[in-house]
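S.K.: One structure follows; several queries about it will come next.
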Amino acid sequence: MPCTKKFLRLLTITSFVLLTAAIQSSETDFTQYVSTKLLEYRQVLPIEKAYLHLDKPYYVTGDTLWFKAYLAEGSVHWADSASNLLYVDLIEHRTGKNFALKQVRLDGGIGHGDLILTDSIPNGSYTIRAYTNWMRNFTEDFFFHKDIYVFGQDEHVPTAIPDKTDLQFFPEGGELVAGISTRIAFKAVDGRGLGQDVNGFVLNQSKDTVASFRNGHLGMGRFQFEAKPGETYSAFLKTKNGLVPLKFPEIKENGYTMIVDNLSNPLKMRIIAYAKIPDKIEVPVHIVAHSRGVIAFVAKGKIANKGLMMNLPTTELPDGITHLTLFNDENKPVCERLVFINHGRSLQVKINPSKTTYKPREKSEVEITVSDSAGKPVETSLSVAVTDAGQILQQPFDQNIVSYLLLSSDLKGFIEQPAYYFDPEKSERKIHMDYLMMTQGWSRFRWNDVLQDSLPAPKRFVEQGITLEGEVTRNNKKVQDKILLSVYLSSDSLSTFMTAESGANGRFAIYNLVFADSLKLRLQGMNKRGNQNLSFKLTPFMSPPMAIVKIPYYPITIDVQKLDEYLKRAAQDQEITRRIRESRERLLKEVTIKAKKNVPRDSRKLYSSADATVKITPQMAAGSMSVLDLLAGRVAGVRVSGSGMNASVSIRGNLGEPLFVLDGMPVDKDFITSLNVNDIESVDVLKGPGAAIFGSRGGNGVISVLTKRGNENYDYSQDIVPGVLVSKIPGFNVARDFYSPTYEVSNTISALPDYRSTIFWAPMLRTDRNGKAKLTYFNSDAATNVEIRAEVLSTYGLPGFGKSSYLVN
């Protein structure tokens with residue numbers, strides 16, 4: 001919390017007091033300009049970040065994938081974002097086919113759900129993806145992606161690895177300029193996109209070796225280099241098959257370079273800038289630093305013959321990536337560099353099982369404590385996964401919520417072993433992180449986009465509920481005039497009536513519907529001339545396409561023995577599940593029940609009985625234009641004047657019109673008269689005391705219209721009415737409860753073998769004011785090592801991750 005407050009105070013600071021004499025602090029025009037542009041960009045196009053915590057890294061067909069969803073604001077990672085709807089889908093790598101789509105409701109930036117990996121899903125590699133409608137305004141690269149593998153029951157460990165090496169060079173700051181010493185980073189990956197050990201050298205045009213290189217971590221490293229004016233260079237990679245020529249960066253005779261030292265001093269970073277510009281002895285420049293789009297500092301100085309050096313404090317910068325840009329005297333970006341700030345301000349998550357060793361099927365009691373970096377307790381939501389390590393091999397330094405929010409979510413491309421860079425036991429992690437900063441591209445935005453005169457309006461909006469969209473046509477042609485729409489939505493426990501209007505192009509949309517599972521929809525429309533000969537077409541949600549992985553791709557590391565154990569136990573577990581389901585289905589002997597027939601009450605009727613009821617037949621509907629025409633002359637005391645849309649009605653001589661009710665919902669007369677008479681089942685008239693249930697609104701009587709489609713027993717497939725669309729629309733997915741057996745009571749189920757791979761899953765656990773949460777569950781039959789992993793995101797944007805283990809024997 002303290003570090004967040006400091007960072008928020010930092011947002012109001014437009015520049016730091018610079019520590020070098022070369023810096024001029026009097027000129028603030030550019031500072032104000034770039035700060036305003038970045039603020040405007042964040043206001044018009046704010047960033048959202050989604051993250052999923054999965055129960056395990058791989059699955060088997062027939063298994064269930066459990067997930068906890070987190071959604072955060074992109075700059076300071078506050079948990080409560082504007083969007084309340086998160087899409088989660090499952091994309092197969094070989095075909096790009098979407099095998100599942102969930103609409104997850106978020107409350108305070110959190111939600112949870114599951115995906116059932118049915119037997120019809122082919123085994124192979126998949127990406128589980130999470131995004132909001134707002135996130136679709138930006139590149140798909142910044143959706144949440146997690147690669148998983150779904151094994152078949154008899155599958156073996158994949159071993160094919162494409163024999164291929166891709167090595168690229170990255171001059172620090174972006175360019176190599178002749179006569180200026182700088183550093184060149186490099187990154188080498190194999191055919192799977194994973195880091196590969198390499199070494200090689202650089203030759204000048206005289207074939208003399210001027211530099212050599214060898215990777216330091218996951219195929220990454222860097223070396224010092226100075227290009228001589230007029231020289232050309234070539235690079236070679238050493239392999240077991242000989243030397244392989246590499247593409248070396250272009251060398252420019254003029255330009256800018258920037259070197260950043262973020263490792264020597266934990267309290268400040270050193271920036272050294274050089275320039276080689278014809279006819280210029282001194283070059284005015286600005287250096288702009290921002291963290292996730294929020295200005296950190298703007299510094300002004302002049303690059304002389306010996307360059308420009310700045311020492312800038314880092315203590316107030318937030319944890320995560322800071323983006324440095326060097327602007328020339330024309331205020332154009334000429335050099336860029338990423339640095340990573342890690343003050344260790346993430347939440348501390350401690351997991352304490354009550355014992356170090358348990359027996360099979362013994363109850364485990366686990367206490368989890370969450371505190372900030374100062375040791376103060378944090379009250380927040382967290383998710384916990386407990387897995388059998390004998391079956392599930394956790395991936396080395398796999399992605400967690402800390403590494404994702406602070407690192408991977410702000411970089412384009414795949415980050416291998418991201419959690420490695422946050423492990424305090426890895427002494428070289430900071431220099432290896434610097435290698436990553438020099439070789440991995442930043443692409444949240446481009447300065448050209450930020451600094452343009454006007455920003456384009458976003459194409460997609462923030463969703464706080466389900467969106468119902470569609471189009472009105474007549475004779476397969478777009479309708480030019482506006483159409484008044486009546487919408488009736490119903491389910492077993494919900495019914496609602498609403499109105500809408502199509503646009504001039506026939507498109508219509510209803511926003512922010514909040515309902516679970518699915519709803520029955522009846523949509524009806526009529527233009528101003530009363531023409532109902534309309535057709536409606538709903539626009540289903542289309543998930544964004546994802547690039548197909550062409551090469552054989554295996555995104556996980558597998559232990560052969562553990563995989564065999566997992567596949568065997570998974571088959572047993574699914575067979576047990578089937579037996580449990582069958583045991584719940586018992587065939588009963590024939591039983592005769594004698595009782596009076598109980599006619600169920602129509603839920604659309606608030607009243608017990610009507611004073612008069614008119615049952616509508618096809619013959620009656622054929623000669624009528626509206627509901628009021630159907631009543632004319634058929635009910636005593638009801639007087640109808642006029643006909644069609646212009647008709648008026650009164651009951652028992654009352655001067656005012658009666659209350660109109662459609663399938664239990666009060667509506668106005670215009671909607672009643674716009675109904676298609678072929679869709680009406682019956683009309684009830686309440687004249688006297690029966691109307692009192694509606695209060696003063698029923699003082700002039702009540703006309704209650706009941707439609708065929710409003711009847712819960714109506715068969716929609718048997719009746720097609722012009723101008724009416726009947727369908728079902730999906731809503732928020734209802735998350736299932738994770739099943740965990742209880743062995744304190746002996747029963748038939750407890751006699752069956754139990755070898756769950758996911759022993760326990762608690763997605764919506766919450767710590768108390770002391771920062772503590774407790775969970776209890778029963779272990780399986782396996783004598784194994786049990787791993788516990790917990791992930792957390794506080795309301796104020798601090799992520800946390802913790803893990804622990806114990807033995808079962």
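S.K.: Hey, Gly390 hits all of (1) surrounded by fewer than 17 Cβ atoms within 10 Å (Cβ to Cβ); (2) part of a loop (DSSP other than H, G, I, E, B); (3) over 24 Å from the mean Cα position of the chain (by Cα) but one; which does it fall short on?
M.R.: Looking at each condition in turn, Gly390 falls short on (1).
S.K.: Further question: Only one of these is within 29 Å of His77 (Cα to Cα) and among the basic types (Lys, Arg): Arg337, Arg361. Name it.
M.R.: So the residue among Arg337, Arg361 that is within 29 Å of His77 (Cα to Cα) and among the basic types (Lys, Arg) is Arg337.
S.K.: For segment 171-218, name all the residues that are farther than 24 Å from Thr257 by Cα, assigned to a loop (DSSP other than H, G, I, E, B) and free of Cβ contacts under 8 Å to residues at least 40 places away in the same chain.
M.R.: Once the filter is applied, which keeps residues that are farther than 24 Å from Thr257 by Cα, assigned to a loop (DSSP other than H, G, I, E, B) and free of Cβ contacts under 8 Å to residues at least 40 places away in the same chain, segment 171-218 yields Gln196, Asp197, Ser206, Lys207, Asp208.
Every residue, every condition in (1) more than 23 Å from Pro799 (Cα to Cα); (2) in a loop (DSSP other than H, G, I, E, B); (3) touching a Lys or Arg at 6+ places or on another chain (Cβ under 6 Å), yes or no:
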| site | (1), (2), (3) |
| --- | --- |
| Pro46 | no, yes, no |
| Ala50 | no, no, no |
| Lys56 | no, yes, no |
| Tyr59 | yes, no, no |
| Trp66 | no, no, no |
| Leu71 | no, no, no |
| Ser81 | no, yes, no |
| Leu86 | no, no, no |
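S.K.: Ok, one more. Take the residues in segment 599-633 that are over 17 Å from Thr707 (Cα atoms) and aliphatic (A, V, I, L, M), then tell me which one is surrounded by the fewest Cβ atoms within 10 Å (Cβ to Cβ).
M.R.: Per the criteria, the residue is Val599.
S.K.: Can you find, within segment 58-73, the residue that is nearest to the chain's Cα centre (by Cα) among those that are surrounded by fewer than 22 Cβ atoms within 10 Å (Cβ to Cβ) and closer than 20 Å to Gly111 by Cα?
M.R.: For segment 58-73, the residue satisfying everything is Glu73.
S.K.: Do you know which residues across segment 565-622 are assigned to a helix (DSSP H, G or I), modelled with pLDDT under 70 and aliphatic (A, V, I, L, M)?
M.R.: Residue satisfying the conditions is Ile580 alone.
S.K.: Separate question: From the list Asp629, Asp663, which one is modelled with pLDDT under 90 and under 49 Å from the mean Cα position of the chain (by Cα)?
M.R.: After ruling out the rest, the residue left standing is Asp663.
S.K.: Something else: Take the residues in segment 698-724 that are at pLDDT 85 or above and out of contact with any helix residue (DSSP H, G or I) (no Cβ under 9 Å at 6 or more places or on another chain); name whichever of them is surrounded by the most Cβ atoms within 10 Å (Cβ to Cβ).
M.R.: Across segment 698-724, the extreme among qualifying residues is Ser704.
S.K.: Moving to a separate point now. Can you tell me which condition Ser373 does not meet? The list is (1) part of a strand (DSSP E or B); (2) surrounded by fewer than 19 Cβ atoms within 10 Å (Cβ to Cβ), and all the others hold.
M.R.: (1) is the only condition that Ser373 fails.
S.K.: Condition test on Leu534, is it more than 32 Å from the chain's Cα centre (by Cα), surrounded by 14 or more Cβ atoms within 10 Å (Cβ to Cβ) and at pLDDT 80 or above?
M.R.: In short, yes.
S.K.: Please give the number of the condition Asp261 fails out of (1) within 39 Å of the chain's Cα centre (by Cα); (2) modelled with pLDDT under 95.
M.R.: Here Asp261 meets the rest and fails (2).
S.K.: Can you list residue pairs whose Cβ atoms sit under 8 Å apart, with the first residue in segment 390-410 being outside the structural domain of Pro318 (by TED's automatic domain parsing) and in contact (Cβ under 8 Å) with a residue 60 or more places away in the chain and the second being assigned to a loop (DSSP other than H, G, I, E, B) and of a type in the set (Phe, Trp, Tyr)? Count only pairs 6 or more apart in sequence or on different chains.
M.R.: From residues that are outside the structural domain of Pro318 (by TED's automatic domain parsing) and in contact (Cβ under 8 Å) with a residue 60 or more places away in the chain, the pairs are Gln391/Tyr755; Asp410/Trp442.
S.K.: Within segment 323-358, take every residue that is closer than 24 Å to Leu436 by Cα and of a type in the set (Lys, Arg) and give me the one that is farthest from the chain's Cα centre (by Cα).
M.R.: The qualifying residue farthest from the chain's Cα centre (by Cα) is Arg337.
S.K.: For segment 376-387, name all the residues that are in a strand (DSSP E or B), under 14 Å from Val349 (Cα atoms) and among the polar types (S, T, N, Q).
M.R.: Ser381, Ser383
S.K.: Could you please let me know if Lys426 is modelled with pLDDT under 90 and touching a helix residue (DSSP H, G or I) at 6+ places or on another chain (Cβ under 7 Å)?
M.R.: no
S.K.: Identify all residues within segment 14-44 that are in a loop (DSSP other than H, G, I, E, B) and either modelled with pLDDT of 90 or more or of a type in the set (S, T, N, Q) (or both); write none if there are none.
M.R.: Thr14, Ser15, Thr20, Gln24, Ser25, Ser26, Thr28
S.K.: Continuing with this model, one more query. Would you mention how many residues in segment 761-788 are more than 23 Å from Asp107 (Cα to Cα) and of a type outside the set (S, T, N, Q)?
M.R.: Total satisfying the criteria: 8.
S.K.: Within segment 310-353, how many residues are part of a strand (DSSP E or B) and either among the hydroxyl-bearing types (Ser, Thr, Tyr) or without any contact (Cβ under 8 Å) to a residue 24 or more places away in the chain (or both)?
M.R.: Selection size over segment 310-353: 2.
S.K.: On to the next question. What number of residues within segment 401-418 are buried (at least 22 other Cβ atoms within 10 Å of the Cβ) and part of a loop (DSSP other than H, G, I, E, B)?
M.R.: 1
S.K.: Could you list, in sequence order, all residues of segment 217-244 that are within 17 Å of Leu176 (Cβ to Cβ), more than 42 Å from the chain's Cα centre (by Cα) and surrounded by fewer than 15 Cβ atoms within 10 Å (Cβ to Cβ)?
M.R.: Of everything in segment 217-244, those that are within 17 Å of Leu176 (Cβ to Cβ), more than 42 Å from the chain's Cα centre (by Cα) and surrounded by fewer than 15 Cβ atoms within 10 Å (Cβ to Cβ) turn out to be Glu226, Lys228, Pro229, Gly230, Glu231, Thr232, Ser234.
S.K.: Name the residues in segment 468-488 that are crowded, with 17+ Cβ neighbours inside 10 Å, touching a residue at least 40 places away in the same chain (Cβ under 8 Å) and within 26 Å of Leu106 (Cβ to Cβ), would you?
M.R.: Across segment 468-488, the qualifying residues are Leu468, Gly470.
S.K.: Give segment 200-216 a look and list any residue that's among the β-branched types (Val, Ile, Thr) and surrounded by 12 or more Cβ atoms within 10 Å (Cβ to Cβ), or say none.
M.R.: Matches in segment 200-216: Val202, Val210.
S.K.: Something else: Starting from residues that are among the hydroxyl-bearing types (Ser, Thr, Tyr) and exposed (fewer than 15 other Cβ atoms within 10 Å of the Cβ), keep the ones in segment 419-467 and report whichever is nearest to Asn84 (Cα to Cα).
M.R.: That would be Ser443.
S.K.: Report, by residue number, each residue of segment 630-654 that is touching a residue at least 24 places away in the same chain (Cβ under 8 Å), out of contact with any Pro (no Cβ under 7 Å at 6 or more places or on another chain) and at negative phi.
M.R.: Hits for segment 630-654 are Leu630, Leu631, Val635, Ala636, Val638, Met645, Ala647, Ser650, Asn654.
S.K.: I'd like the residue in segment 344-354 that is of a type outside the set (S, T, N, Q) and at pLDDT 95 or above and, out of all such residues, is nearest to Ser403 (Cα to Cα).
M.R.: Within segment 344-354, the match that is nearest to Ser403 (Cα to Cα) is Leu347.
S.K.: Based on this model, can you work out whether Ala636 counts as among the small types (Gly, Ala, Ser), part of a loop (DSSP other than H, G, I, E, B) and farther than 13 Å from Ser704 by Cα?
M.R.: The answer is yes for Ala636.
The values are calculated or read from the model by the stated rules, or taken from the named source; none is laboratory data. Everything numeric here is computed off the predicted structure, so don't read it as measured data. Backbone-built Cβ (ideal geometry, glycine too); neighbour counts: all protein chains shown.
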